[in-house]
Each structure stands twice: as structure tokens, then as C-alpha cells.
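For reference, the structure is listed below as C-alpha cells.
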Amino acid sequence: MTDSKRIVIVGGGHNGLVCAAYLAKKGREVMVVEAAEQVGGAAVTREFTPGFKVSSCAHLLYLMDAGISRELGLETHGLRFARQDLATVALAADGKHLTYTTTAVSGGDVSADDRAAYPKYRRRMEKFSDVLAKLYTREPPRLGTHNRKDLMSAARLALDIRLLGRDDMREFLRIAGINMFDILEEQFDSALLKGALSLDGMLGGSLGPRSNNGVFAALHRLSGQVGGTRGALALPAGGMGSVTAALAQAAQMNGATIRTSSPVASILMDGDHVCGVELEGGEKIDAGIVVSNADPRTTLFDLLGARHLEAGIVRRVSNIRMSGKAAKLNLALNGAPEFTGLGADQLGERLVIAPDLVYVEHAFNHSKYGEHSVEPVMEITIPTVHDTTLAPSGQHVLSAVVQYAPYDLKGGWDEAARTAFTNQCMEVLGRYAPKIREQVMHTELMTPVDIEREFRITGGHWHHGELTLDQALMLRPVPGLAQYKTPVGGLYLCGAGSHPGGGVMGAAGRNAAAAVLSGE
Ligand SMILES: Cc1cc2nc3c(=O)[nH]c(=O)nc-3n(C[C@H](O)[C@H](O)[C@H](O)COP(=O)(O)OP(=O)(O)OC[C@H]3O[C@@H](n4cnc5c(N)ncnc54)[C@H](O)[C@@H]3O)c2cc1C
């Protein structure tokens, strides 16, 4: 085994940077080795056509752990917000849009009953997501051990659920694993409201409104507290790249070194312990510990090699469901788009196209058979309404997550398929903003295949692996690897594929740093 005290972190996505910052803060010698020209992974800002910048994949900040922002001093390191507390506008083709915030719903044809039910629904979901948020700050317990730490951790989870009170505990246990369709049907009348709310459980996953696990995914989405409000949505000034730039600065100020344009080809072993990494160019970097921000399959199969793992782990990792269905559509526009019935003051909110539950389910159905949606659902931001640094004066960027665009599209994502899906997206957008096609100066579509290639995420999956109860908590990414430490001496995981999963939250990075420190 190497006597190097160095810790190498493979990948400078936000989780790798968080992990680096915490380890460096504790005085460890840390080097982040990132394949891309810039750090940030799927949370970056990039010029996608001359003069127009966009948050390439992740475009809204809502999950970043408040403790991490504070402890790493992200504001001191330059993080600013162009806008916080965005409302969501559920777009209606007839212009009778509906708006909801963290506290109220208004507009559209929303009934008095729905107006009264919404705050109750929201508070209850927030209360339930608190249980997850607490669990997210710590390592999940190992299953089937008598270890005191694991037993205490499992007991804390049970206690947090019990502390919800009898009624809420029962409701939490009833709904946590089920689908959004049933619980939204139980509580609301408005088709538009139900469609839009269902999207919170669908984004980034391979789920439709009737799929189990949708509620769990919606609770995960609510578990952050950016700006002190649970589930609030924020647009970082300068795009998501400014979040990861602040994290990189925090890591460097604490003493970490960051190398970009340095793809790791393999993790090196000395006996049964890691001893460093080898870059694609052949350079070797010694390390006593290697922490990987790459997804579990890339880390264990491509970089380490399955021969170093026992057969059970290899089988479980092979079976991780990680086939992405979310694409990103980025448009450069020659002016502000006009959505029928939408005031200029609402253009900068989060706009969603998910007009009812059946529409969303139909959009999902195609993807089950390897087809893209004919009528996609969308989550749209127009960040240039709040942040003029992203486009030339008077011009705009439209950034949309569009689903469903399966990674394993039948026939593959050739030019014809890309054009067909882009046209479907534009056709749907045109229903709400009839002149938008004439305003488009440049279009970029990033399918899961592009996301896999550009960000080195297997399957182009938002969470580095489906975020469902069979792949969550102590089962994430698979049993035996859920505590960040792998069975290979000195090798740890710190990316979204680990507990608690994806989204720009940093929890996996921080928990992994704690696991490294406690394992020393
Ligand atoms: C279309 C889309 C939209 C999304 N929208 C949102 C959103 O609005 N809000 C939100 O919170 N989340 C969103 N997400 C999810 C979020 O982007 C991810 O969950 C998150 O970025 C994962 O962070 P990470 O640090 O774990 O991994 P990544 O961001 O994937 O970073 C991993 C890093 O490792 C590097 N790497 C991999 N292999 C190697 C190697 N061999 N050598 C060196 N480096 C390597 C990669 O280059 C990358 O930089 C979205 C995701 C997608 C796909």
C-alpha cells in the first residue's frame, strides 16, 4: 500500500467539490481530478452559442443543504442569487394559467376548495420531507448488523417518523411509497394544479403519475431549504456554474488542489488497497484514499474493474437502474417570448407544461416502449429575465427540462430522432407561446445520450441511478456500498449515486467526507 497521505477525488462535480472542501478543511491533503475543462459536472454554466450562456443541465437550485452553504461560506466565495422564491406557473393553453408558491395557489379556474386544500397539502408534504432531510445529513444504517451505530441510526429514523404524531405518521407510511396520481386525486379538483404538482415527483425519474415512488421523489425534491424556506426555488446569478465555482473556491481556500482536463483512466491498486489513479495520458498520481464522484457503475466497473469486487456486488451494481429520461432544451431567443395570457411580471417564474395527470401519464407511456413523448412535459426557466449577464441586451435564454426522452430510444438518438423530438417540443411550446419559433436564434437539445457523453454519467441519469425506494437510503446505490466506503480498501463513493441521491444538494459529498474521516 502507498504511504501517500494524499486523498484523490475523481470528478469535480458539486459533490466532489463539497467532499474536497470538507476534507481540506480538516487539514487533509486533497486533489480533485476532473475530466472536463471546468469543474461543476452537471451543475455548470456554459456558452451554448456565441453570447448566450445557460445552466447546461441543472438550472434551478432548491436542494442545496443550508448547513453546507453556511459551513463552506458559499456567499463569501461569491454565490449570489439572481432571484429566490420563484413561483410556479402551470401554463394553460387558453391563457388561464395557475400560479402556486410555497404557501398559496391562485389564478386559473382553481376552486375555493383547492385554494384551501393547497396550503394544507404543502405543509404536510414539507413536514414529511423534514424526515428525509434529517436522514440526509447522515450515513444510512447498515442492514442486518448489531453494530451500535447502525442500530442507533435506524432507531433515529423510526423516532423521526414517530415524532410526526399519530395521524401524520400513518399518512407518511401510507403515501411515501405510492404514486402522485392517487394522492393528488384525493386532494384537489383542478386538473391543471394536479398535472403541475405531479411533475415534482416525475422530474429526472422514470416515473409517471401512476408509478409508485412518485411521492417519495416529490418529498426528496422538497427536502432542501435554499434561503431558509423548504422547497423554495432559486436562480443563482450567473447560472448554476456559480454554485460550483463558489464550492471550488471554498475547496481551494481550504487547501485543496483542483486539476481540470485530467480524465482518470483507472484506479490503481496495491494488493487489496487503492494506491492512486492513472490519468488517460498515463500519468500516475499516488493516493492513500480515492473518493469517486463518478457514478457507481463508472467507478466500480470502468475505473476500478469488476475483478476487484465480489460477485454479489458486481451483480447488484450491474442491476442498478440508471437509464435517464430527462433531456434539456436550451434556446437562444432574439427577444422576450410572449406566452398567451402571461404577464411580463410572470415570465421569470418557473413555468411548467403538464396540463393534467393524463397528459403527463401519456407523455411517460411512450418512454416505457423506447419512444420519446409525442407531447412532452416541460419545466421552463427564462433566467435572463433576472440575469442580464447570460445573453446580449434584449435577448433571452429559455432553459427547459423536457421529458420523456429515453436514453435507450428505439433506433437511437440519430439526427432524425433529435429533430423529431425537438420539433415535438417546439410544437408543444408553440401552443403556449405562438410566436416562439420565429424568435429562436439557436437550439440545443441534450438527450440523456449527450449528457452521458458530456458529463460522463452512465445513462445520462439525473440522479446517477433511479431514485426509488428500492435504490434509496440504505439500498443506495446497492447494499454493501450505502455507507460511502466500498469493500475495496481506501475507495469511497461521494456522488449522486450514493445516499441521498441527486439534485444539487451536496449531502453525498459531505457525508462521504465524514465517512473518510471516521474510517482513518
Ligand atoms: C437534464 C437535467 C436537469 C437537471 N436539473 C436539475 C435542477 O434544476 N436542479 C437540481 O438540483 N438538479 C438537477 N439535475 C440533477 C443534478 O444536475 C445532478 O444530480 C447533480 O449535478 C449530480 O452531482 P454530482 O456532483 O453527484 O455528479 P456530477 O455533476 O455528474 O459530477 C461528476 C463529475 O465527475 C466527473 N468524472 C466522471 N468520470 C470521471 C473520470 N473518469 N475522470 C475524471 N472526472 C470524471 C465528471 O466529468 C463530472 O464533473 C438535473 C440533471 C439533469 C440531467
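The values are calculated or read from the model by the stated rules, or taken from the named source; none is laboratory data. Every value quoted in this text rests on a predicted model; they were computed, and no experiment measured them. Here the Cβ positions follow ideal geometry from the backbone for every residue, glycine too, while neighbour counts run over all protein chains shown.
Please return the ranges of strands (runs of 3 or more DSSP E) entirely within the stretch 51-127 where 1 or more residues are closer than 30 Å to Leu247 by Cα and within 16 Å of the ligand (Cβ to nearest atom). First the steps, then the outcome.
Values: elements: 52-55, 81-83, 88-90, 98-100, 105-107.
Because the criterion is at least 1 residues that are closer than 30 Å to Leu247 by Cα and within 16 Å of the ligand (Cβ to nearest atom), the strands (runs of 3 or more DSSP E) in the stretch 51-127 that meet it are 52-55, 81-83, 88-90.
Residue-by-condition table, conditions (1) touching a Lys or Arg at 6+ places or on another chain (Cβ under 6 Å); (2) crowded, with 19+ Cβ neighbours inside 10 Å; (3) closer than 30 Å to Glu415 by Cα:
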{"site": "Phe455", "(1), (2), (3)": "no, yes, yes"}
{"site": "Glu466", "(1), (2), (3)": "yes, yes, yes"}
{"site": "Gly490", "(1), (2), (3)": "no, yes, no"}
{"site": "Gly503", "(1), (2), (3)": "no, yes, yes"}
{"site": "Arg510", "(1), (2), (3)": "no, yes, no"}
{"site": "Ala514", "(1), (2), (3)": "no, no, no"}
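Can you tell me which residue among Ala256, Ala250, Ala191, Ala237 is under 27 Å from Ser69 (Cα atoms), surrounded by fewer than 24 Cβ atoms within 10 Å (Cβ to Cβ), away from the ligand (no atom under 14 Å from the Cβ) and modelled with pLDDT of 95 or more? Give the steps one after another, and end with the answer.
On the way: Ala256 fails: surrounded by fewer than 24 Cβ atoms within 10 Å (Cβ to Cβ); Ala250 fails: surrounded by fewer than 24 Cβ atoms within 10 Å (Cβ to Cβ); Ala191 fails: under 27 Å from Ser69 (Cα atoms).
Being under 27 Å from Ser69 (Cα atoms), surrounded by fewer than 24 Cβ atoms within 10 Å (Cβ to Cβ), away from the ligand (no atom under 14 Å from the Cβ) and modelled with pLDDT of 95 or more holds for just one of Ala256, Ala250, Ala191, Ala237, which is Ala237.
Take the residues of the stretch 37-50 that are more than 8 Å from the ligand (Cβ to nearest atom) and not in a loop (DSSP other than H, G, I, E, B): which is farthest from Gly11 (Cα to Cα)?
So the residue we want is Thr49.
Which condition number in (1) at pLDDT below 95; (2) surrounded by fewer than 20 Cβ atoms within 10 Å (Cβ to Cβ); (3) closer than 30 Å to Tyr492 by Cβ is the one that Met64 fails?
All conditions are met except number (2).
Asn319 passes all but one of (1) more than 16 Å from the ligand (Cβ to nearest atom); (2) buried (at least 22 other Cβ atoms within 10 Å of the Cβ); which number fails?
With (1) more than 16 Å from the ligand (Cβ to nearest atom); (2) buried (at least 22 other Cβ atoms within 10 Å of the Cβ) applied to Asn319, the lone miss is (2).
Report, by residue number, each residue of the stretch 1-18 that is within 21 Å of the chain's Cα centre (by Cα) and either more than 11 Å from the ligand (Cβ to nearest atom) or part of a loop (DSSP other than H, G, I, E, B) (or both). Even if it seems obvious, please write down each step before you answer.
Pass one, the stretch 1-18, residues within 21 Å of the chain's Cα centre (by Cα): 9-18.
Matches in the stretch 1-18: Gly11, Gly12.
From the list Val264, Val277, which one is buried (at least 20 other Cβ atoms within 10 Å of the Cβ) and out of contact with any Asp or Glu (no Cβ under 8 Å at 6 or more places or on another chain)?
On the way: Val264 fails: out of contact with any Asp or Glu (no Cβ under 8 Å at 6 or more places or on another chain).
That would be Val277, the only listed residue that is buried (at least 20 other Cβ atoms within 10 Å of the Cβ) and out of contact with any Asp or Glu (no Cβ under 8 Å at 6 or more places or on another chain).
When you look at Gly341, is it at positive phi, surrounded by fewer than 24 Cβ atoms within 10 Å (Cβ to Cβ) and touching a His at 6+ places or on another chain (Cβ under 9 Å), yes or no?
Working: at positive phi: yes; surrounded by fewer than 24 Cβ atoms within 10 Å (Cβ to Cβ): yes; touching a His at 6+ places or on another chain (Cβ under 9 Å): yes.
Yes, satisfied.
With the requirement that a residue be surrounded by fewer than 20 Cβ atoms within 10 Å (Cβ to Cβ) and either among the hydroxyl-bearing types (Ser, Thr, Tyr) or without any contact (Cβ under 8 Å) to a residue 60 or more places away in the chain (or both), what does the stretch 281-316 give you?
Gly281, Gly282, Glu283, Lys284, Phe301, Asp302, Gly305, Ala306, Arg307, Ala311, Val314, Arg315
Among all residue pairs at least 6 apart or on different chains, which show Cβ distances below 6 Å where the first residue, located in the stretch 483-494, is more than 18 Å from Gly276 (Cβ to Cβ) and touching a residue at least 60 places away in the same chain (Cβ under 8 Å) and the second is aliphatic (A, V, I, L, M) and part of a strand (DSSP E or B)?
Pairs that qualify, where the first residue is more than 18 Å from Gly276 (Cβ to Cβ) and touching a residue at least 60 places away in the same chain (Cβ under 8 Å) and the partner is aliphatic (A, V, I, L, M) and part of a strand (DSSP E or B), are Tyr484/Leu493.
Considering the stretch 477-502 alone, what residues qualify as being within 13 Å of the ligand (Cβ to nearest atom), touching a helix residue (DSSP H, G or I) at 6+ places or on another chain (Cβ under 7 Å) and assigned to a loop (DSSP other than H, G, I, E, B)?
Pro477, Tyr484, Cys494, Gly495, Ala496, Gly497, Ser498, His499, Pro500, Gly501
Rundown of residues vs (1) assigned to a loop (DSSP other than H, G, I, E, B); (2) near the ligand (Cβ under 10 Å from one of its atoms); (3) surrounded by 24 or more Cβ atoms within 10 Å (Cβ to Cβ), yes/no style:
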{"site": "Ala20", "(1), (2), (3)": "no, no, yes"}
{"site": "Gly27", "(1), (2), (3)": "yes, no, no"}
{"site": "Val32", "(1), (2), (3)": "no, yes, yes"}
{"site": "Ala35", "(1), (2), (3)": "yes, yes, no"}
